[in-house]
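**Student:** Please find one structure pasted underneath; my questions will follow.
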Amino acid sequence: MIADILTGALRSGTSVMLASQGELVSERAGVINLGTEGAMLAGALGGFAVTVWTGNPWLGVLAGGFCGMLIAAIHAFLVLTCGANQLATGLTIMFFAIGLTSFFGREFVSQRIVGFNPVPIPLLSDIPFVGGILFNHDPLTYLSIALVPCLWYALFRKRLGVILRAAGEREEVLFASGINPKLVRYLAVLAGGCLAGVGGVQLSVAFTHSWVENMTQGRGVVAVALVIFASWKPARAMLGAYLFGAAQALQLTVQQMGWPISTFFLFMVPYLLTLAALLVVERRKQSVTPEALGKVLAGDTGG
Amino acid sequence: MKRRVWIKANQWIACALTIAVLMAGCSQPGGGGGASAPGAADTESASGGTAAPGTGGTAVGFIFVGTKDDHGYNQAAYIGSEAVEKAYPDLKVLRAENVPETAEAERVMEQMIRDGAKIIFPTSYGHLDPALNVAKRHPDVAFFHQGGLKTAENLGTYFGTIWEPIYLAGVAAGKMSKTGKLGYVVSVPIPQVLLNVNAFQLGARSVNPNATTSVVFTGSWCDPGQQANAANSLIDAGVDVITQHQDCTKTIIETAERRGVMSVGYHTDASELAPNGWLTGSSWNWSDLFVDMVKVAVNGEFKGSKYDGKYRGMLKDDIVQLANFGANVPDDVKALVEEKKAALIDGTLHPFAGPVKDQTGNVRIAEGELPTLDELEATDYLVEGVIGNIPK
């Protein structure tokens with residue numbers, strides 16, 4: 001039963017995890033993107049559509065990432081070039097994307113695809129307990145796991161990461177060294193949208209093999225919240241996303257136990273548990289909000 | 001400074017999570033529909049007060065809660081609307097998909113009436129209250145609501161006893177299951193849903209006394225992510241036949257097929273989605289009924305017809321059907337199910353013939369008793385052998 005819940009954690013947590021890593025990149029550069037939900041939806045639809053047309057899920061991944069990037073580009077333009085409020089813009093883009101994808105997605109609702117399927121890793125998947133939990137997933141899930149240490153390394157051990165973080169902390173340093181902070185932020189928001197889009201593809205092409213309007217159902221918003229609770233650290237955001245997935249699996253398992261707990265309460269459990277656990281983690285350390293982001297959260301306009 | 005920022009951050013995280021919860025709960029985006037205020041049409045209807053409801057229109061309106069291609073509930077109703085279109089080429093068929101079960105539905109219906117509709121089909125359970133409001137304002141318009149328990153002067157409801165084919169599908173599932181563990185992915189705890197779960201379990205238990213049905217609520221009519229979670233969770237727990245009460249059925253059937261377990265469909269024949277695991281399913285056959293209802297209304301015979309109250313079509317009326325058997329269902333199972341189907345049709349078999357016990361062992365339908373349709377449609381319990389709770 002515990003193995004089932006942990007397997008479920010990876011299964012349903014991966015899309016959220018990818019989106020939260022993307023949001024993390026964007027926020028490290030000082031731009032909060034509430035439109036992540038919209039980028040996920042665009043990715044889910046774009047990836048599904050291209051998989052339908054070409055029969056190749058890998059092309060779907062590319063398309064989904066691109067669609068996510070397009071949605072993020074709208075956000076970047078409005079916020080960085082026009083100086084619009086980041087929070088209001090992100091929310092608006094989220095609802096815009098829900099409508100947009102519902103409209104263009106109509107004919108894909110009944111379509112069938114050969115998407116990604118679980119590929120057991122030889123030998124490793126035979127390890128009792130751990131094998132089934134970690135080594136029997138779709139290729140996108142493996143890639144997403146590999147992404148987290150890479151992202152950490154790039155953020156904290158490479159010049160690229162220093163530049164990105166400087167854009168979110170001390171943009172005058174970038175100016176001094178001849179780098180345009182606005183450009184860095186643009187690229188960070190686009191990269192974030194791309195990852196959120198791939199998260200959407202994981203949901204539509206790998207996990208459910210389906211497209212339905214508004215199928216992300218708030219997963220993108222959860223991803224944004226996770227990043228802040230995870231103090232902008234990739235590994236913590238990953239844990240948070242898996243915890244969210246585990247809680248979803250847990251509530252389904254509890255339902256099957258027949259315990260007298262209201263199902264409506266159980267529906268809240270993923271959100272409550274994620275909230276509680278990350279709060280506990282957060283309490284122990286001082287917050288490390290990127291300063292540019294702090295200004296946004298404190299009510300200054302972005303840009 | 002840092003502290004202040006953090007408090008601010010907290011505030012909006014709370015806000016973000018609230019949005020997430022709201023969005024998870026609200027499965028349908030606002031779609032379709034006219035943009036004008038509901039009050040605008042009130043004056044127009046005054047003239048039609050004396051005409052028989054449903055007569056004199058130039059259009060028929062259909063509103064759906066989802067999309068027409070959902071391999072499910074809405075697709076079945078949509079096919080019915082196509083039959084009306086074919087039978088009445090003079091009447092324009094107006095359709096609105098993705099209409100939420102809110103006041104938005106009222107606006108869509110008002111718009112359809114302005115566009116000449118005198119007959120309206122609100123096809124989702126939650127469209128009933130908006131339809132009742134609109135019906136009160138337009139006594140000259142006939143309403144046929146799908147699945148409702150309340151009626152009005154010019155609003156009748158229709159539905160089918162889908163629990164009959166579900167019972168038969170339960171028989172097939174009980175016979176085919178190796179583990180004796182069946183799974184039912186359901187949406188929200190309304191009587192219709194509970195009734196179907198009960199019928200399935202009673203069918204399975206009639207051929208396998210040890211069969212159990214695990215019920216999982218998703219809280220939504222169509223959330224593929226949650227559906228895939230639910231199906232995987234049931235399969236992990238040893239369930240080898242999965243069925244569902246959802247509006248879109250594709251994700252669960254395909255997930256079951258990929259994981260090598262059997263599935264029983266709902267709403268439409270989706271055997272093409274699961275060439276290996278498809279057993280059978282229950283489906284709606286609205287076409288002839290919709291055409292007949294439109295005929296009655298157009299002729300001005302709505303009042304006093306069988307459709308002005310609660311009409312329930314049965315297996316014997318061919319309103320509800322048992323879907324085709326899958327390729328891997330052996331002949332003896334098919335024969336057994338067909339035999340029970342014949343008995344249901346000629347009335348010698350009733351799935352809910354007493355005694356029927358609930359989960360706690362209390363007798364809900366006494367020995368020798370047959371519940372009425374009204375009693376069945378008010379089901380508020382799960383029968384013995386169903387595992388899971390009714391959310392309260």
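The values are calculated or read from the model by the stated rules, or taken from the named source; none is laboratory data. For clarity, every value in this text was computed on a predicted model and none was experimentally measured. FYI the Cβ positions are ideal-geometry reconstructions off the backbone, even for glycines, and counts take in every protein chain you see.
**Student:** Within region B:59-86, take every residue that is outside any helix (DSSP H, G or I) and of a type in the set (A, V, I, L, M) and give me the one that is nearest to the chain's Cα centre (by Cα).
**Tutor:** Taking region B:59-86 first, the residues outside any helix (DSSP H, G or I) are B:59-72.
Checking which are of a type in the set (A, V, I, L, M) leaves us with B:59-60, B:63, B:65.
Details: B:A59: 25, B:V60: 21, B:I63: 14, B:V65: 11 Å.
Out of the qualifying residues, it is B:V65.
**Student:** In addition: Kindly indicate whether any position in region B:283-295 is among the aromatic types (F, W, Y) and in contact with an Asp or Glu (Cβ under 6 Å, 6 or more places away or on another chain).
**Tutor:** Applying the first criterion (among the aromatic types (F, W, Y)) to region B:283-295 yields B:284, B:286, B:290.
Add one more test, that the residue is in contact with an Asp or Glu (Cβ under 6 Å, 6 or more places away or on another chain), and what stays is none.
No, region B:283-295 contains no residue that is among the aromatic types (F, W, Y) and in contact with an Asp or Glu (Cβ under 6 Å, 6 or more places away or on another chain).
**Student:** Given the structure, is B:N232 more than 10 Å from every other protein chain (Cβ to nearest Cβ) and surrounded by fewer than 24 Cβ atoms within 10 Å (Cβ to Cβ)? Outline the logic, then answer.
**Tutor:** Working: more than 10 Å from every other protein chain (Cβ to nearest Cβ): no; surrounded by fewer than 24 Cβ atoms within 10 Å (Cβ to Cβ): yes.
Here the answer is no, as B:N232 does not meet what is asked.
**Student:** Report, ordered by the first and then the second residue, all pairs with beta carbons closer than 7 Å, sequence separation of six or more or different chains, a first member in region A:265-277 that is at the interface with chain B (Cβ under 7 Å from one of its Cβ atoms), and a second member that is buried (at least 17 other Cβ atoms within 10 Å of the Cβ) and not aliphatic (A, V, I, L, M).
**Tutor:** Correct list of pairs: A:F267/A:Q251; A:F267/B:G219.
**Student:** Quick one: in region B:274-321, which of the residues that are more than 21 Å from the chain's Cα centre (by Cα) and of a type in the set (G, A, S) is surrounded by the most Cβ atoms within 10 Å (Cβ to Cβ)?
**Tutor:** Among them, the one singled out is B:A297.
**Student:** Next question, about the same structure. Are there any helices (runs of 4 or more DSSP H) wholly within region B:129-246 with 1 or more residues that are within 15 Å of the chain's Cα centre (by Cα) and within 25 Å of A:V254 (Cβ to Cβ), and if so which?
**Tutor:** Values: elements: B:163-176, B:191-207, B:224-236.
The qualifying helices (runs of 4 or more DSSP H) are B:191-207.
**Student:** Report, by residue number, each residue of region B:271-309 that is in contact with a strand residue (DSSP E or B) (Cβ under 9 Å, 6 or more places away or on another chain) and over 28 Å from B:P89 (Cα atoms).
**Tutor:** Of everything in region B:271-309, those that are in contact with a strand residue (DSSP E or B) (Cβ under 9 Å, 6 or more places away or on another chain) and over 28 Å from B:P89 (Cα atoms) turn out to be B:S271, B:E272, B:L273, B:A274, B:N276, B:G277, B:W278, B:L279, B:T280, B:G281, B:S282.
**Student:** Hey, another quick one. Just to be sure before I move on: is B:Q226 more than 13 Å from chain A (Cβ to nearest Cβ) and surrounded by 24 or more Cβ atoms within 10 Å (Cβ to Cβ) in the structure I sent? Break it down into steps so the answer makes sense when it comes.
**Tutor:** Numbers: more than 13 Å from chain A (Cβ to nearest Cβ): no; surrounded by 24 or more Cβ atoms within 10 Å (Cβ to Cβ): yes.
So B:Q226 does not fit the description; no.
**Student:** Out of curiosity, is A:Y186 over 17 Å from the mean Cα position of the chain (by Cα) and surrounded by fewer than 16 Cβ atoms within 10 Å (Cβ to Cβ)?
**Tutor:** Numbers: over 17 Å from the mean Cα position of the chain (by Cα): yes; surrounded by fewer than 16 Cβ atoms within 10 Å (Cβ to Cβ): no.
For A:Y186, the condition - over 17 Å from the mean Cα position of the chain (by Cα) and surrounded by fewer than 16 Cβ atoms within 10 Å (Cβ to Cβ) - is not met.
**Student:** Another one. Restricting attention to region B:189-216, which residues are within 14 Å of another protein chain (Cβ to nearest Cβ) and among the hydrophobic types (A, V, I, L, M, F, W, C)? Spell out the reasoning first.
**Tutor:** So the first thing to find is which residues in region B:189-216 are within 14 Å of another protein chain (Cβ to nearest Cβ), and the list is B:189-190, B:193-194, B:197, B:201, B:212-216.
Matches in region B:189-216: B:I190, B:V193, B:L194, B:V197, B:V215, B:V216.
**Student:** Another question, if that's okay. Please enumerate the residues belonging to region B:113-128 that are more than 18 Å from B:D288 (Cβ to Cβ) and either in the same structural domain as B:D247 (by TED's automatic domain parsing) or assigned to a loop (DSSP other than H, G, I, E, B) (or both). Reasoning before the result, please.
**Tutor:** Of all residues in region B:113-128, those more than 18 Å from B:D288 (Cβ to Cβ) come to B:113-118, B:120, B:122, B:124-128.
Once the filter is applied, which keeps residues that are more than 18 Å from B:D288 (Cβ to Cβ) and either in the same structural domain as B:D247 (by TED's automatic domain parsing) or assigned to a loop (DSSP other than H, G, I, E, B) (or both), region B:113-128 yields B:D115, B:G116, B:S124.
**Student:** So A:G258 fits all but one of (1) of a type outside the set (S, T, Y); (2) facing chain B (nearest Cβ under 7 Å); (3) under 30 Å from A:S102 (Cβ atoms); what number is the exception?
**Tutor:** (3)
**Student:** Among what's in region A:212-245 and is part of a loop (DSSP other than H, G, I, E, B) and more than 8 Å from chain B (Cβ to nearest Cβ), pick the residue that is surrounded by the fewest Cβ atoms within 10 Å (Cβ to Cβ).
**Tutor:** Step one: list which residues in region A:212-245 are part of a loop (DSSP other than H, G, I, E, B), which gives A:212-218, A:230-233.
Of the ones still in play, those that are also more than 8 Å from chain B (Cβ to nearest Cβ) are A:230-233.
On the way: A:A230: 21, A:S231: 16, A:W232: 22, A:K233: 18.
Of everything passing the filter in region A:212-245, A:S231 is surrounded by the fewest Cβ atoms within 10 Å (Cβ to Cβ).
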